[in-house]
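Scroll down for the structure; my scribbles are underneath it.
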Amino acid sequence: MVLGFLRIVSQMPGDDASPLDQVRFLARAHSRVDVLKHLAEEAATQRELRSELDASRTTVSRALQSLADEDWVASENGEYRLTPVGDVVADEFTGLLEAMRTVDELAEFLRWFPADVDAPDVQHACDVEVTTPTDADPYAPARTQTEVLYTADRLRVLLPAIELESTETLADQVTDRGLEAESVVTQSVEATMESERFADLMRRAVETGRSPIYVTPDDLPFYLGLADDDVTQIGLADDDGLPRALLETTDEHVREWGEAVYEDYRESARRKPLAEF
């Protein structure tokens with residue numbers, strides 16, 4: 001996508017600027033990008049652009065003139081639209097912005113992925129979404145992770161930690177909706193499951209026969225969720241247990257990696273009997 005954009009701008013007639021100069025020209029003014037993206041959706045007058053973009057007359061006029069100078073925008077009877085070249089540039093540049101946004105998100109995911117574990121090839125994966133904390137929603141990764149409980153029919157998870165709200169949701173989905181949820185947990189999570197606040201919930205889910213619990217003697221370096229036959233979730237936390245990133249994808253290569261990791265832990269785990277809750 002990036003190379004495609006550079007190739008397009010490098011082939012523009014009558015312009016001696018380099019492809020990188022053209023990228024800088026477009027990227028250094030938000031107004032140009034906003035106008036280009038809006039005109040990619042529909043033609044518009046200056047008045048309509050000012051209203052839609054909440055921008056001043058001068059800002060919109062300068063953006064339109066500079067884009068017209070590049071032969072990316074043309075006007076007819078007061079209405080502005082993209083030229084054929086401008087249409088391709090808008091499409092490619094929008095893709096570039098999305099690619100860079102994904103790079104930022106993947107960088108945060110890889111930053112927290114344990115260094116001593118072979119990571120999946122997320123850089124080349126398709127259909128990847130990374131959720132990270134924000135000031136407004138510091139637990140956004142955990143919230144997104146829990147959402148799969150409402151939609152999946154079958155779920156297999158590696159659980160390095162648990163909390164009460166998601167455990168209640170899991171028990172409800174297993175008992176009320178018929179969710180099949182197999183869990184591999186650490187010994188510390190096992191102890192939490194046996195505690196007074198969790199035991200009734202776990203017993204209710206396990207006694208259905210649809211929610212077996214397996215206890216591994218090993219530490220689990222991250223949360224792993226395998227939902228149905230396609231969705232893979234990988235959740236990462238810091239040393240204090242705070243969620244830092246959740247990657248969700250339907251990429252088949254990440255899924256193969258997840259299946260192999262899950263089976264490695266599952267094979268060495270023991271099934272916890274209902275009577276222990």
Relative to the chain, whose Cα atoms define the longest principal axis, helix 196-206 and its Cα axis are tilted in degrees, nearest 10, by 90 degrees
For the pair Q123 and E76, what calculated FRET efficiency results from E = 1/(1 + (r/R0)^6), where r is the Cβ-Cβ distance and R0 = 45 Å, to the nearest 0.05? 0.55
Report relative contact order for the chain in percent, whole number only (criteria: Cα-Cα under 8 Å, sequence separation at least 6). 17 percent
Would you look at the GNM of the chain, springs on alpha carbons closer than 10 Å, and say which of T58, T216, T94 moves the most? T58
Expected output is a single nm value to one decimal: the length gained when fully extending between A40 and T58, i.e. 0.36 nm times separation in residues minus the C-alpha distance. What is it? 4.4 nm
Where does the chain land at 222 nm, in deg cm²/dmol rounded to the nearest 500, when only DSSP H runs of n ≥ 4 count, each adding -39500 (n - 2.57), divided by all residues? -15000 deg cm²/dmol
Can you give me the angle between helix 252-267 and the longest principal axis of the chain, using Cα atoms only, in degrees from 0 to 90, rounded to the nearest 10? 20 degrees
Just to be sure I understand: with springs between alpha-carbon atoms less than 10 Å apart, which residue in A99, A237, A27 has the highest mean-square fluctuation in the Gaussian network model of the chain? A27
Most fluctuating of Q187, Q46, Q145 in the GNM of the chain (C-alpha, under 10 Å) is Q46
Taking 8 Å as the Cα distance limit and 6 or more residues as the minimum spacing, I'd like the relative contact order of region 57-157 as a percentage. 12 percent
Out of the DSSP beta bridges found with both residues in the chain, what percent are antiparallel (nearest 5)? 75 percent
What accessible area per residue, rounded to a whole number of Å², is obtained for the chain using a probe radius of 1.4 Å? 55 Å²
For peptides 34-41, 239-246, 111-118, sequence by mean Cβ density within 10 Å, most packed first: 34-41, 239-246, 111-118
Answer label, with Cα extents along the principal axes in Å calculated from the coordinates and candidates (i) 79, 36, 32; (ii) 51, 48, 39; (iii) 60, 38, 35: (i)
Treating the angle as unsigned and between 0 and 90°, give the value, to the nearest 10°, between the Cα long axis of helix 140-151 and the longest Cα principal axis of the chain. 70 degrees
For region 90-105, in residue order, the Karplus 3J(HN,Hα) values (coefficients 6.51, -1.76, 1.60; θ = phi - 60°; whole Hz; Gly and Pro = x) are 4, 5, 5, 5, 4, x, 4, 4, 5, 4, 5, 5, 5, 4, 4, 5
With viscosity set to 0.890 mPa s at 25 °C, what whole-number translational diffusion coefficient in µm²/s follows for region 48-88 from Stokes-Einstein and a Kirkwood radius over Cα pairs? 233 µm²/s
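The values are calculated or read from the model by the stated rules, or taken from the named source; none is laboratory data. Not measured: the values here are computed from a predicted model. Quick reminder, even Gly has a Cβ in these numbers, built from the backbone with ideal geometry, and neighbours come from all protein chains shown. Just the protein is used for accessible areas: all its heavy atoms, side chains included, with ligands, DNA and RNA removed. Shrake-Rupley method; radii C 1.70, N 1.55, O 1.52, S 1.80 Å.
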